[in-house]
1. Check off (1) of a type in the set (D, E, K, R); (2) free of Cβ contacts under 8 Å to residues at least 60 places away in the same chain; (3) not in a loop (DSSP other than H, G, I, E, B) for A:LYS78 and give me the number that stays unchecked.
2. Does any residue of segment B:68-90 turn out to be in a strand (DSSP E or B), within 14 Å of another protein chain (Cβ to nearest Cβ) and touching a Pro at 6+ places or on another chain (Cβ under 7 Å)?
3. Only one of B:ILE21, B:ILE12 is closer than 28 Å to A:ASP56 by Cβ, in contact (Cβ under 8 Å) with a residue 60 or more places away in the chain and β-branched (Val, Ile, Thr). Can you tell me which?
4. From A:LEU91, A:LEU111, A:LEU84, grab the single residue that is out of contact with any His (no Cβ under 6 Å at 6 or more places or on another chain), more than 9 Å from chain B (Cβ to nearest Cβ), surrounded by 17 or more Cβ atoms within 10 Å (Cβ to Cβ) and in contact (Cβ under 8 Å) with a residue 24 or more places away in the chain.
5. Taking A:LYS11 as the residue in question, decide whether it is surrounded by 15 or more Cβ atoms within 10 Å (Cβ to Cβ), in contact (Cβ under 8 Å) with a residue 12 or more places away in the chain and charged (D, E, K, R).
6. Does segment A:29-51 include one or more residues that are assigned to a strand (DSSP E or B) and exposed (fewer than 14 other Cβ atoms within 10 Å of the Cβ)?
7. Would you mind finding the one in A:VAL89, A:VAL54 that is part of a strand (DSSP E or B), β-branched (Val, Ile, Thr) and over 26 Å from B:PRO40 (Cα atoms)?
Amino acid sequence: EAGVAQSPRYKIIEKRQSVAFWCNPISGHATLYWYQQILGQGPKLLIQFQNNGVVDDSQLPKDRFSAERLKGVDSTLKIQPAKLEDSAVYLCASSLNPGRTEAFFGQGTRLTVV
Amino acid sequence: QQQVKQSPQSLIVQKGGISIINCAYENTAFDYFPWYQQFPGKGPALLIAIRPDVSEKKEGRFTISFNKSAKQFSLHIMDSQPGDSATYFCAVQGGSEKLVFGKGTKLTVNP
């Protein structure tokens, strides 16, 4: 079974630039998550999709972050404009259903904003 | 507001020893308590999970102990091995609500 695919693995940008991350979840998984993991901390949920609808985006900084999930499969997370404090690993995860089921994580995209 | 508090932040044990990591939560609506293991450069991976209808769950060398009245749960790693060196995260979830992670414990097992 193929895992969650993310790209790119690494990205370095200057502050105020824009960046986009891509995620392909495990086939058949209805729930997709984007997490932000700052060095030394636990993952923080940014947005949760159920199919192509948003379930929770309460911690997404909507003035600069946006995400979409086209046709309930692939997803992109965008930051525009980036700030220094956005430097983190952005993790995508998917699960069969929301709640009480295993979430499978991708390897993440390490973003450095300089 | 931190929904789950994890301790210790870091832990060093000798090979063959027991590693214990603790988590505490406040919201009694949580009903799913997984532990995730993360190696450097990798995403977290589910290690073991428990629901509140049982007080203990064991899978190989890994055991979760759950105390519903105290709103605490812990991960015990028996016969710890150098290959267990990783960062461990507890998490909590209620229904279809978001999966919330603790801050993590970096475990180092010395040979």
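Laboratory data are not the source of any read-out in this text; all were calculated from the coordinates shown. Source: prediction; values computed, not measured. Using ideal geometry, Cβ is built from the backbone for each residue, glycine included, and neighbour counts are taken over all protein chains shown.
1. (2)
2. Checking segment B:68-90: at least one residue is in a strand (DSSP E or B), within 14 Å of another protein chain (Cβ to nearest Cβ) and touching a Pro at 6+ places or on another chain (Cβ under 7 Å).
3. Details: B:ILE12 fails: closer than 28 Å to A:ASP56 by Cβ.
It is B:ILE21.
4. Numbers: A:LEU91 fails: more than 9 Å from chain B (Cβ to nearest Cβ); A:LEU84 fails: surrounded by 17 or more Cβ atoms within 10 Å (Cβ to Cβ).
Result: A:LEU111 is the single residue among A:LEU91, A:LEU111, A:LEU84 that is out of contact with any His (no Cβ under 6 Å at 6 or more places or on another chain), more than 9 Å from chain B (Cβ to nearest Cβ), surrounded by 17 or more Cβ atoms within 10 Å (Cβ to Cβ) and in contact (Cβ under 8 Å) with a residue 24 or more places away in the chain.
5. On the way: surrounded by 15 or more Cβ atoms within 10 Å (Cβ to Cβ): yes; in contact (Cβ under 8 Å) with a residue 12 or more places away in the chain: yes; charged (D, E, K, R): yes.
Against the criterion (surrounded by 15 or more Cβ atoms within 10 Å (Cβ to Cβ), in contact (Cβ under 8 Å) with a residue 12 or more places away in the chain and charged (D, E, K, R)), A:LYS11 qualifies.
6. Initial filter on segment A:29-51 (assigned to a strand (DSSP E or B)): A:31-37, A:44-50.
Imposing the further condition that a residue be exposed (fewer than 14 other Cβ atoms within 10 Å of the Cβ) reduces the set to none.
No - not one qualifying residue is present in segment A:29-51.
7. Working: A:VAL89 fails: over 26 Å from B:PRO40 (Cα atoms).
It is A:VAL54.
Residue by residue, here is whether (1) part of a strand (DSSP E or B); (2) more than 14 Å from chain A (Cβ to nearest Cβ); (3) under 25 Å from A:CYS92 (Cβ atoms) holds:
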{"residue": "B:LYS5", "(1), (2), (3)": "yes, no, no"}
{"residue": "B:VAL13", "(1), (2), (3)": "yes, yes, no"}
{"residue": "B:CYS23", "(1), (2), (3)": "yes, no, yes"}
{"residue": "B:ASN27", "(1), (2), (3)": "no, yes, no"}
{"residue": "B:LYS58", "(1), (2), (3)": "yes, yes, no"}
{"residue": "B:PHE66", "(1), (2), (3)": "yes, yes, no"}
{"residue": "B:LYS98", "(1), (2), (3)": "no, no, yes"}
{"residue": "B:THR108", "(1), (2), (3)": "yes, yes, no"}
